[in-house]
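Undergrad: Dumping the structure here so I can ask a few things about it.
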Amino acid sequence: MSHKILILDGDGIGPEIIAEAETTLAVLASEFGLAAEIEHAPIGGAALDAAGQPLPEATLALAMAADAVLFGAIGGPKWDAMPRELRPERGLLALRAGMGVFANLRPVQVFPELVSASTLKSEVVSGLDILIVRELIGGIYFGQPRALERGRDGRRFGMNTLRYAEDEVRRIARVAFATARARDRRLCSVDKANVLETSELWRQVVTETAGEFPDVRLEHMYVDNAAMQLVRKPKQFDVIVTDNMFGDILSDLASMLSGSIGMLPSASLDDKRRGLYEPIHGSAPDIAGRNVANPLAAILALAMLLRHSLNEERCAVRVEQAVRTALQLGLRTADISSAGTTSVGTREMGDAVAAALRQAAVSAGDGATGRA
Ligand code: IPM
Ligand code: MG
């Protein structure tokens, strides 16, 4: 059966990095028999230009009909002056909410080849393997009321609402416990329960949910401390579960442990494992179109897509190994370059991954007719 994949290039470096993920997909199809039908649709600034909306209805409908969605990046200075409801970022938030992908998995792993690319000491980060589970469609990103207005007294004010219902906390907690169970069975729940009622509820519900997972060791940590611990001693963590905004901030912070935000993919899943897959980095408008962006986060996002939504574990592993091979050859995009390595552009890095995959197909001897 053929898998249906919807590809949303988006803005900035989105189209360039996604093109390399598509090259990877094409090699999986030709060399390993992966059967996938691909469609493209506009989102973000590109969709604003084409259709006047950051998430056209047709794009959401295609996303709902697909087995998985691969997304590039969104936003850019061109659309910064748009009214807030029409900002490109709203398109991504509406897509996440529309697809119901509440569970955002953000793995942070350090490739041995990139230990020296981290700004932290190698002994602090080498061998690191943590997973941030971020609640993605609730909390302050979506809470109502929200406003940027002028009050009766003439002063402008901004307002957002942080609100979680217990079932929203329970479902993300269950995903986090289940994921921890398949790893080192340690879960750290991050909140601000010393100040926020929402966090008090979060902590209560996570603690209750722990009863369903007696084999997973649970600890709680305040978010300010968690930020400090992530740079002080990151290997103390296995799985971290946290709310939408804390997860946004901590995952950028944690990305630097791996050397570059350009390396990190993410998966956002609904309760049936249908998913939206994206690099965690943004659209980087300053380097867009210059063939310098790192395509590896997008390619690794494709690997997560193969694993989590298409059940193509072998293909996922092949892609991850091919990325590893490209790094072992010493190839580096600008964000991860260091002395003694070879600087390459976006396309060359994508081609190197494709070549490594082809090479793997030849050595495995399962060529064009082999099945994944
Ligand atoms: C992320 C991004 C998004 C977010 C933006 C682009 C809306 O920063 O995926 O982490 O805040 O969720
Ligand atoms: Mg972010």
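The values are calculated or read from the model by the stated rules, or taken from the named source; none is laboratory data. Here the structure is a predicted model, which is why all the values come from computation and not from measurement. Neighbour counts run over all protein chains shown; Cβ positions are idealised from the backbone, glycine included. For accessibility, only protein heavy atoms count, side chains too; no ligands or nucleic acids. Shrake-Rupley method; radii C 1.70, N 1.55, O 1.52, S 1.80 Å.
Undergrad: So how strong a dipole does region 129-256 carry about its Cα centre when Lys and Arg Cβ are +1 and Asp and Glu Cβ are -1, to the nearest 20 debye?
TA: It works out to roughly 280 debye.
Undergrad: Something else now. Taking every DSSP beta bridge that has both residues in region 129-256, what percent is antiparallel when rounded to the nearest 5?
TA: 25
Undergrad: Could you work out the relative contact order of the chain? I mean the mean sequence separation of Cα pairs under 8 Å and 6+ apart, divided by the number of residues, in percent.
TA: 23
Undergrad: Would you mind classifying region 1-133 by shape? Square roots of the alpha carbon gyration tensor eigenvalues, ordered a ≥ b ≥ c; an a/c under 1.5 is rounded, otherwise it is prolate if a/b is larger than b/c and oblate if not.
TA: Because a/c hits 1.5 or more and a/b fails to exceed b/c, region 1-133 counts as oblate.
Undergrad: I'd like the Karplus ³J(HN,Hα) series for region 128-135: coefficients 6.51, -1.76, 1.60, θ = phi - 60°, whole numbers in Hz, and an x wherever there's a Gly or Pro.
TA: 5, 8, 10, 10, 9, 9, 9, 5
Undergrad: In Å², and per residue, what accessible area does the chain have when probed at 1.4 Å with the other protein chains present?
TA: Ligands and nucleic acids excluded, the result is 43 Å² per residue.
Undergrad: Quick one: which residues, 5+ away or cross-chain, put their amide H under 5 Å from the amide H of residue 108? H built at 1.01 Å from N.
TA: 130, 131, 132
Undergrad: Let me ask something else. Residue by residue through region 145-150, which ³J(HN,Hα) values in whole Hz follow from phi under the Karplus form 6.51 cos²θ - 1.76 cosθ + 1.60 (θ = phi - 60°), with glycine and proline marked x?
TA: Result, ordered by residue: x, 9, 6, 9, 9, 9 Hz.
Undergrad: Run a plain Debye calculation on the chain (Cα atoms as equal point scatterers, no solvent) and give log10 I(q)/I(0) at q = 0.07, 0.11, 0.15 Å⁻¹, rounded to two decimals, same order as the q list.
TA: Relative scattering, expressed as log10 I(q)/I(0), comes to -0.31, -0.78, -1.42.
Undergrad: Compute the acute angle (0 to 90°) between the alpha-carbon long axis of helix 88-99 and the principal axis of greatest extent of the alpha-carbon atoms of the chain; round to the nearest 10°.
TA: 90
Undergrad: Along region 157-168, what does the Karplus equation 6.51 cos²θ - 1.76 cosθ + 1.60 (θ = phi - 60°) give for ³J(HN,Hα), rounded to whole Hz, x for Gly and Pro?
TA: With coefficients 6.51, -1.76 and 1.60, one gets 9, x, 8, 9, 10, 9, 8, 10, 8, 4, 5, 5 Hz.
Undergrad: List the lysines whose Cα lies under 25 Å from the Cα of residue 235, skipping any in the same chain that are fewer than 8 positions away.
TA: Within the straight-line cut-off, residue 235 pairs with 121, 192.
Undergrad: Skipping prolines and chain starts, which residues have an amide H placed within reach, meaning under 5 Å, of the one on residue 220, given they are 5 or more residues away or on another chain?
TA: 189
Undergrad: Shifting gears a bit: Just by accessible area at a 1.4 angstrom probe, what is the order of 235, 272 from largest to smallest?
TA: If we order 235, 272 from most to least accessible, we get 272, 235.
Undergrad: Which residues in region 150-170 have a backbone N closer than 20 Å to a point placed 7 Å from the Cα of residue 208 along the Cα-to-Cβ line?
TA: Residues 163-170 fall inside that zone.
Undergrad: If you don't mind, another one. Angle, helix 296-308 long axis vs. longest principal axis of the chain, Cα atoms, 0 to 90°, nearest 10?
TA: That helix lies at roughly 80 degrees to the long axis.
Undergrad: Can you give me the angle between helix 244-255 and the longest principal axis of the chain, using Cα atoms only, in degrees from 0 to 90, rounded to the nearest 10?
TA: On a 0 to 90 degree scale, this one is about 40.
Undergrad: Here is a follow-up. Please work out the C-alpha center-to-center distance from region 241-289 to region 172-226 and express it in whole Å.
TA: A separation of 20 Å, based on Cα centres.
Undergrad: For the chain, what is the percent of antiparallel DSSP beta bridges, rounded to the nearest 5?
TA: Close to 40 percent.
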